[in-house]
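The values are calculated or read from the model by the stated rules, or taken from the named source; none is laboratory data. Computed from a predicted structure; not experimentally measured. Here Cβ is always computed from backbone atoms with ideal geometry, including for glycine, and neighbour counts include all displayed protein chains.
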Amino acid sequence: MRWLVLLGFTVACGGKSAPTIDGAPGGDGPPGNDGTPGDTPGDTAAQAVTIFVIPMENKPSADIYNNATDAPFINGLLATSASASKFQDELPTLDSEPHYVWMEAGTNAFNDVTFSNDNAPSDTHSTASTAHLVTQLEAAGIAWMSYQEDINANTCPISSVRFYAPKHDPFVFFKDVAGDPPSSSNAHCIAHHKPYTAFASDLAAGLTGYVFITPNLCDDMHGDSGCPSGTGAAANIHAGDTWLSAELPRIIDYTKTHDRAVIFITWDEGDSSNLIPFIAIGNHVKAGVSGTTYSHSSLLKSVEEMLGVPVLPTVTAANDFADLFVAGSFP
């Protein structure tokens, strides 16, 4: 069995444009009236590629690794997970938003806009480019879903609400996802966005496709003056670690019963350095620290390779995550 922790997507053979649910047509649950196979060894679900990607915020490696005081849960994961000592921030002088866009497209600069700040999506602050991951996934029939903590249901989250900020949701900056101009009522965007409160039940039912999970500002180590943790770095590291300790175990359990599921936990930027933490969890990762040079380009390239879609030209030169996995298990 193998499992991986990414920021959050699961891919099955013959996937749909949105994550499928166990027992539903195209799902991987117990046999239903449609004859869908169950999650037994050898079935499609057990062999599906599931990638969970979870981005955290604004902390360099030195603030997370070996910090058992503020991040005891994360450091407890390291013994059985793969981590990177040279995961580099490609945009060390820029804000959060360009980093998230980079995770999706391998660049923050397009013909019609360069993302260099944290502005909300708009007609002039979004791109018509279709050269990005989820458009590739849709073309290949692979499911994807963005779970954003604190957003409202049945809306395209192009505006801040509670402790959600669109700067931490890369998909809403692409017009082929959120509309031209981006709109809170765009049906395509709504179909691929859910409040994080829906995630646990969806996971229990069974997910396939690419799942991107963004904690809110209070839970992702970012902090905000309205958060219980305030804006102090140590307090926000602890708050994010606490959130992961509550939310990650169910995803880890899922990977244990879905052989090719993986979790990638990344950070968007490192603030004081260009080295940021990165952790991979799964049945086939190599436990320990990798000294290979990685970046968010590596994350995107690896996701594309694992899901079997073409590697975008923006990330072809990046190292993929092969060194984080046991020989023969990547992609």
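Looking across the stretch 107-138, the residues that are among the small types (Gly, Ala, Ser) and either touching a residue at least 24 places away in the same chain (Cβ under 8 Å) or touching a helix residue (DSSP H, G or I) at 6+ places or on another chain (Cβ under 8 Å) (or both) come down to Ser116, Ala120, Ser122, Ser126, Ala128, Ser129, Ala131. Is one or more of the residues making up the stretch 282-292 within 15 Å of the chain's Cα centre (by Cα), crowded, with 24+ Cβ neighbours inside 10 Å and under 26 Å from Leu133 (Cα atoms)? The answer is yes; a qualifying residue exists.
Scanning the stretch 231-266 for residues that are without any contact (Cβ under 8 Å) to a residue 60 or more places away in the chain and of a type in the set (Asp, Glu) yields Glu247, Asp253.
Out of all the residues in the stretch 70-106, which are of a type in the set (Ser, Thr, Tyr) and either farther than 17 Å from Thr214 by Cβ or surrounded by 24 or more Cβ atoms within 10 Å (Cβ to Cβ) (or both)? Hits for the stretch 70-106 are Thr80, Ser81, Ser83, Ser85, Thr93, Tyr100.
Restricting Val289, Val262, Val303 to those that are in a strand (DSSP E or B), closer than 25 Å to Leu203 by Cα and modelled with pLDDT of 95 or more reduces the list to Val262. Looking at Asp253, is it of a type in the set (Asp, Glu), modelled with pLDDT of 95 or more, within 19 Å of the chain's Cα centre (by Cα) and crowded, with 23+ Cβ neighbours inside 10 Å? Against the criterion (of a type in the set (Asp, Glu), modelled with pLDDT of 95 or more, within 19 Å of the chain's Cα centre (by Cα) and crowded, with 23+ Cβ neighbours inside 10 Å), Asp253 does not qualify.
Screening the stretch 208-226 for residues that are among the acidic types (Asp, Glu) and buried (at least 24 other Cβ atoms within 10 Å of the Cβ) and picking the one that is farthest from Val49 (Cα to Cα) gives Asp219.
Is at least one residue of the stretch 280-291 within 25 Å of Ser116 (Cα to Cα) and in contact (Cβ under 8 Å) with a residue 12 or more places away in the chain? No - not one qualifying residue is present in the stretch 280-291. Screening Gly141 with (1) over 23 Å from Leu94 (Cβ atoms); (2) in contact (Cβ under 8 Å) with a residue 40 or more places away in the chain; (3) out of contact with any Gly (no Cβ under 9 Å at 6 or more places or on another chain); (4) not hydrophobic (A, V, I, L, M, F, W, C) gives one miss only, at (3).
Checking the stated criteria, Ser272 turns out not to satisfy the condition of being free of Cβ contacts under 8 Å to residues at least 60 places away in the same chain, surrounded by fewer than 24 Cβ atoms within 10 Å (Cβ to Cβ) and outside any helix (DSSP H, G or I).
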